[in-house]
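Asks: Let me begin by handing over the structure; questions about it come next.
The numbers here are math on the coordinates, done by the rules we state, and not lab data. On a predicted model such as this, the values are computed, not experimentally measured, just so you know. Here the Cβ positions follow ideal geometry from the backbone for every residue, glycine too, while neighbour counts run over all protein chains shown.
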Amino acid sequence: MKRVRLVHMLVAAGVAALAVPAAGVTKSDALPTSVGKGEGKLTLVAWEGYTEKQWVAPFEKATGCNVTTKYAGSSNDMFNLMTSGGGGQYDMVSASGDASLRLIYAGAVQEVNMKLVPASKDFFKAFQSPPNNTVGGKHYGVSLQFGPNVLMVNKKAFKKPPTTWGAIYDPKNKGKITIPDNPIQIADAALYLSKTKPSLGIKDPYELTKAQLDAAVQLLEQQRPLVKKYWALASDQIDLFKNGGSTIGASWPYQVNTLRAAKVPVVGVIPKEGVTGWLDTWMLSSKAKHPNCAYKWMQYISTPKPQAQQAIYFGETPVNKKACKVMDSLSKGSCAQYSGNKTESYYRSIKFWKTPITDCGNGQKNCMDLRAWTDAWTKIKG
Amino acid sequence: MAVDPAVGTEGSPGTGALRAVARFTWRRPRLVTLGQVSAPVAAFLLVYVAALVALLIQSFWTSDSFTGKVIHSWTLDNFAEIANDPYPTIIRRTVFIAAAVTVTCMLLAFPYAYFLARIASRRLRIALLVATVLPLWVSYLVRVYSWRLILNPDGALNWWLNKLGLPDQNIAYTNWAMWLVFTYIWFPFMVLPVYAALERLPYSYVEASADLGAKGWTTLRRVILPLAVPGLAAGSIFTFSLTLGDYIAPSLVGGPGSSLIGTVVFENLGLANNLPFAAAFATIPLAIMAVYLALMKRLGAFESL
């Protein structure tokens, strides 16, 4: 009896929580067709370094929308910030691919009318409707910046840098290997297996059945004794390459550039199996209180100048192809350094992070979800 | 003795209600005491006990694996899951490292504290005590990071080993490194209670032991050590429990296969968004500490706290 009452109370509380914010916002299913006057305010959840003064201040001046930012520590953090208390506290989030689908399916973010973001026409084709922010032809935000996860090697230790991910599973390199401490790393193993063990039938490294996940876990468990360190922060890996005895590892262009600047002879290799990568998206909360300012932000942040500024500041690649020229004018050679001038097929070859979900897209809901991946990762690390 | 408000007003007519309360409590001093401590007790119940109860209740719930929303239905699944690979290994490893750190701290702290309490001059003692607690003024993170620099292959330790003509060590990012770092970080927490226990030991006991014909070693074994046990036990509570709950050192100086209980709790909160499982797992160190404290109580650890 008591239990039933508690449930009733929870349901009542839930309904009340949903009803209260909905009362203030007039929201229809139809997409906005024009952007109205700014509300004077914009609240963002972002990665640190994504809302620097050099590109936020001109936006505030031009639109009158004052930007306040809450930095998130992890993708899970972002998800919680956007959903806790029914959402609505923040207008937008710069979600990475491992969180974006979760946000979409949880109803935390809403569809965006891309016609109102004219600069998106200048995006590389691969980022106009990528699968981690576009579902069933509906866009849930504008692509922002991306980067590949490369194989980083020290040329002093490897006269000829390896061209395969197999090098990080090779017992010859025992004690020299550094791997990111992130469950999404399982996708790297799955990508390698999709090329080396076609019998497993892995098509998408983020859509793994139980058997396919087990195979990836097995490969990673064999790798564990070879690993020097599972790094949590980019600076950890930089330290390890500088003086920690690591000479090979899975990495980001950021570390390659930082180490090169410190005169450590490293190269970032795109192995023949291809690479995974991350793609961040500015997504609009389904209960955004300042939608007009949010659209103005999406319009602004997609244009070449802020794209270039952020790319150089953070060491990533802009999705707007016109940003390349601006990058070179800001810092000579930076466009090539951050791969802003590659071919469309290169961008297409990167398997961008997306949230593992049970729905594999094959009609069967037999894929392993993020929690299964996380549990597996705990097991892999031991 | 409790102060009674009625004392000052004795003989005066006073106002009705206040007077009645005063008369009532005059005969019941315990009630007054209760009234005086009720605020801290309430704070304790609300902050500590309520948090623990909330943790316990959470651990019997479950959460949606996709959205991470807590589902309020009662289940023992979280506890059943703990029995599965790799969690027993992680628990065993944590307890083993906590025990190893505790024993190492004891072995190092006892002679050091003995020197401080019995041999060192007053000035030297103060200087050494300050030096012992000085690291506590520096951020925990800085101290752990500095060990990384020391242990790295071309770090300070290998430089010294080479100078001495010894081969390189290679313990950076291993469980050995964790053991070393924990021992260093928790060392002051062992020294202080042991020092307090040894300082209280009257010198006449040692003299009496000598008068009865005991040699130095026998006195140490049969007089000093037994009297230092409460201090050692109190120190071990700190070193043991602090190691049991830590997740930063394993992630900074640990390597593959260095996950501790704290790591699992942190990852379930921060990555998997599985609050109930994290809560269930957090009850493990709680249970271990309960057993440990019961054991230490028998050794008289709480007398010197």
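Asks: Would you pull out the residues with amide H under 5 Å of A:GLY277's amide H, same chain only if 5 or more places away, H placed 1.01 Å from N?
Replies: Here A:ASN149, A:LYS351, A:PHE352, A:TRP353 satisfy the definition.
Asks: Among the listed pairs A:LYS176/A:LYS229; A:LYS195/A:LYS228; A:LYS229/A:LYS379, which are separated by more than 18 Å between their Cα atoms?
Replies: Check vs 18 Å cut-off fails for A:LYS195/A:LYS228.
Asks: Using a cut-off of 24 Å between alpha-carbon atoms, which lysines can reach A:LYS121, once sequence neighbours fewer than 8 places away in the same chain are excluded?
Replies: Within reach: A:LYS37, A:LYS138, A:LYS296, A:LYS305, A:LYS321, A:LYS322, A:LYS325, A:LYS342, A:LYS351, A:LYS354.
Asks: Also, I was wondering about something else. Classify chain A: rounded, prolate or oblate, from the alpha-carbon gyration tensor (a ≥ b ≥ c, eigenvalue square roots; a/c under 1.5 rounded; otherwise prolate if a/b is larger than b/c)?
Replies: Because a/c hits 1.5 or more and a/b fails to exceed b/c, chain A counts as oblate.
Asks: If you don't mind, another one. So how much slack lies between B:PHE44 and B:LEU295, counting 0.36 nm per residue of separation and subtracting their Cα-Cα distance, in nm?
Replies: Taking 0.36 nm per residue and subtracting the Cα distance, the gain is 87.9 nm.
Asks: Hey, another quick one. Mind giving me the nanometre distance, one decimal, between the label points for B:ARG19 and B:TRP176, set 7 Å out from Cα along Cα→Cβ?
Replies: Taking the simple label geometry, B:ARG19 and B:TRP176 are separated by 8.2 nm.
Asks: Mean Kyte-Doolittle hydropathy of -1.0 or higher plus an axial Cα length of 20 Å or more: which whole DSSP H helices in chain B meet both?
Replies: B:29-44, B:87-114, B:175-200, B:225-245, B:275-298
Asks: Something else now. Between B:LEU242 and B:VAL103, what length comes free when the chain is fully extended (0.36 nm per residue of separation minus the Cα-Cα distance, one decimal in nm)?
Replies: This chain segment gains 48.7 nm when fully extended.
Asks: Using the Cα gyration tensor of the protein assembly as shown, with a ≥ b ≥ c the square roots of its eigenvalues, what is the shape: rounded (a/c below 1.5), prolate (a/b larger than b/c) or oblate (neither)?
Replies: Note, shape of the protein assembly as shown comes out oblate.
Asks: So how much slack lies between A:SER235 and A:ALA336, counting 0.36 nm per residue of separation and subtracting their Cα-Cα distance, in nm?
Replies: Here the segment from A:SER235 to A:ALA336 would lengthen by 34.0 nm.
Asks: Which whole-angstrom value gives the distance between the alpha carbon centres of the stretch A:105-134 and the stretch B:249-274?
Replies: Between the Cα centres of the stretch A:105-134 and the stretch B:249-274 lies a distance of 35 Å.
Asks: Treating cross-link reach as a plain straight distance, find the aspartates and glutamates whose alpha-carbon is under 15 Å from the alpha-carbon of A:LYS272, omitting any fewer than eight places away in the same chain.
Replies: A:ASP188
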